[in-house]
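This report concerns only the one structure given below.
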Amino acid sequence: MRFLIPTAILAGLLVSCSSEDDTTASGGLPSSASDAVATYSDIVAATYQDTAQTAGDLDTAAHALVSSPSEATLSAARQAWLGAREPYLQSEVFRFYQGPIDDTEGMINAWPLDEAYIDYVDDADDAGIINDTDATIDAASLMSLNEQGGEENIATGFHAIEFLLWGQDHSDTGPGDRSFNDYTSGAGATAPNGDRRGLYLTTTTGLLKSQLGELVAAWAPGQDNYRKEIEGVAPKEAFRRILQGMIVLSGFETGGERLQTALDSGSQEDEHSCFSDNTHRDMVQDIQGIKNVWEGHYHRLDGSMVSGVGIGAVIAEVDADLAAQVGDKIDASLALARALKPPFDQEIALDNAEGRARVEALVVSLREQEKLIEQVFRKLELDIPVVD
């Protein structure tokens, strides 16, 4: 679900607790804080570069599917989608503080998604934008239709593409099974408007590629962009933004919206990547992103590593015991996420006590992680974010 805060609260979150040392070079933090902010910027830039690259691969695979629909091209497009999710999920820790991603996230990764807003579903074979032949399919139109009339009216982004590649998930043991013939015409077609479906798919993958490219530009070094802004504010303010991304992703978003909600309902409709059954990876990579920021390391897709002073190393100079607790808890949460057994919809099933216990353990760990990061906010005399 897209993160929403009332405007008045969001404006208040942009200001840290006022204090005299906010105007000093280090903002009341150890001198290593500036190095940590620079490392953070390097990690953000590299993560978005990898994400944009894999989104480009996805766009290429989508065009190949539409040009020549087959089991092979559909499988390749699905694999490209899964590949693009890996770095993107690690980037979600860069959200929630009105950085560049928060301007476009609703078009990149919004969920849950009403499938019937896009295409046919079980009880309506003429549903959606695709089957409304009067509806224009281009980037501008789909952007304008995104969330038009309701938050679940998602028209663009990863989950729209996911639905177009997998279709509805009717299986207890696997993902959706949309046929490649949904993209064909004539006697072999399994659904009408295959040409419009193909246009919709390539339009959304192209839009995703473009929007992720904008994030790369926003964090490029040596430019008059957001990176220059965050590296130019007092380190204490930069830390407030960085830590806000960590705390909201830990508790409200991953622990709450994505896990607790699904656990409470036991419904497949409440899992994050429900069409592809990739939800377990969503949890792992979101926490991995938090670990990257805390430790100051990011392993790139090409095998290289971005490395420097992590946020945790700076906090350790302020309170070594607290920093150790946060680091240990992040590791524990990551281990619990890796222990989830796919498919996630079976982990949360009401008759699966063992699976639900694994999910619950992760929720508890993430809430504890949230509380520990709250202690970091207090230690630095920063306002703790308030999320409705």
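Can you pull out every residue in region 306-337 that is in contact with a Phe, Trp or Tyr (Cβ under 7 Å, 6 or more places away or on another chain) and in a strand (DSSP E or B)?
Listed by number, the list holds a single entry, Val306.
Could you figure out which of (1) at pLDDT 95 or above; (2) crowded, with 20+ Cβ neighbours inside 10 Å; (3) of a type outside the set (Ser, Thr, Tyr) isn't true of Met143?
(2)
Being more than 21 Å from Asp351 (Cα to Cα) and crowded, with 23+ Cβ neighbours inside 10 Å: is that true of Gln244 here?
Criteria met by Gln244.
Quickly run through region 343-359 and pick out the residues that are aliphatic (A, V, I, L, M), surrounded by 14 or more Cβ atoms within 10 Å (Cβ to Cβ) and in a helix (DSSP H, G or I).
Val359
Restricting to region 267-276, what's the tally of residues that are in contact with a helix residue (DSSP H, G or I) (Cβ under 7 Å, 6 or more places away or on another chain) and closer than 17 Å to Asn352 by Cα? Walk me through it before giving the result.
Start the filter on region 267-276 by keeping residues that are in contact with a helix residue (DSSP H, G or I) (Cβ under 7 Å, 6 or more places away or on another chain), which leaves 268, 270-276.
The next check asks that each one be closer than 17 Å to Asn352 by Cα; those that pass are 268, 270-271.
Residues flagged as in contact with a helix residue (DSSP H, G or I) (Cβ under 7 Å, 6 or more places away or on another chain) and closer than 17 Å to Asn352 by Cα within region 267-276 amount to 3.
Just to be sure I understand, how many residues within region 306-337 are under 21 Å from the mean Cα position of the chain (by Cα) and surrounded by fewer than 16 Cβ atoms within 10 Å (Cβ to Cβ)?
Number of matching residues: 2.
So which residues in region 189-235 are in contact with an Asp or Glu (Cβ under 6 Å, 6 or more places away or on another chain) and free of Cβ contacts under 8 Å to residues at least 12 places away in the same chain?
The answer is Thr190, and nothing else.
Mind checking which pairs have a first residue in region 23-51 that is more than 12 Å from Val233 (Cα to Cα) and a second that is part of a helix (DSSP H, G or I) and at pLDDT below 95, Cβ under 6 Å, 6 or more apart or different chains?
Gly28/Asp21
Do any residues in region 85-107 that are over 19 Å from Gln49 (Cβ atoms) have Cβ atoms under 9 Å from those of residues that are among the polar types (S, T, N, Q) and in a helix (DSSP H, G or I), where the two are at least six apart or on different chains, and which pairs are they?
Final answer for the pair search is Phe96/Gln244; Tyr97/Gln244; Met107/Gln211.
Please pick out the residue among Leu340, Leu366, Leu372 that is touching a residue at least 24 places away in the same chain (Cβ under 8 Å), assigned to a loop (DSSP other than H, G, I, E, B), at negative phi and buried (at least 18 other Cβ atoms within 10 Å of the Cβ).
Every option except Leu340 fails the conditions.
Taking the condition part of a helix (DSSP H, G or I) and of a type in the set (Lys, Arg), does Arg178 pass?
Working: part of a helix (DSSP H, G or I): no; of a type in the set (Lys, Arg): yes.
When the stated conditions are applied, Arg178 does not pass them.
Restricting to region 108-129, and then to whatever is of a type in the set (A, V, I, L, M, F, W, C) and within 21 Å of Thr254 (Cβ to Cβ), can you tell me which residue is modelled with the highest pLDDT?
Ranking the qualifying residues of region 108-129, first place goes to Ile108.
With the requirement that a residue be surrounded by fewer than 24 Cβ atoms within 10 Å (Cβ to Cβ), within 25 Å of Ser250 (Cβ to Cβ) and among the hydroxyl-bearing types (Ser, Thr, Tyr), what does region 43-87 give you?
Residue satisfying the conditions is Thr54 alone.
Taking the residues in region 177-224 that are within 20 Å of the chain's Cα centre (by Cα) and polar (S, T, N, Q) as candidates, determine which candidate is nearest to Ala77 (Cα to Cα).
If we take residues in region 177-224 being within 20 Å of the chain's Cα centre (by Cα) and polar (S, T, N, Q), then Thr205 is nearest to Ala77 (Cα to Cα).
Considering each of Arg85, Arg78 in turn, give the residue that is within 30 Å of Val37 (Cα to Cα) and among the basic types (Lys, Arg).
The match here is Arg85.
The values are calculated or read from the model by the stated rules, or taken from the named source; none is laboratory data. From a predicted model like this one, the values you see are computed outputs, not experimental measurements. FYI the Cβ positions are ideal-geometry reconstructions off the backbone, even for glycines, and counts take in every protein chain you see.
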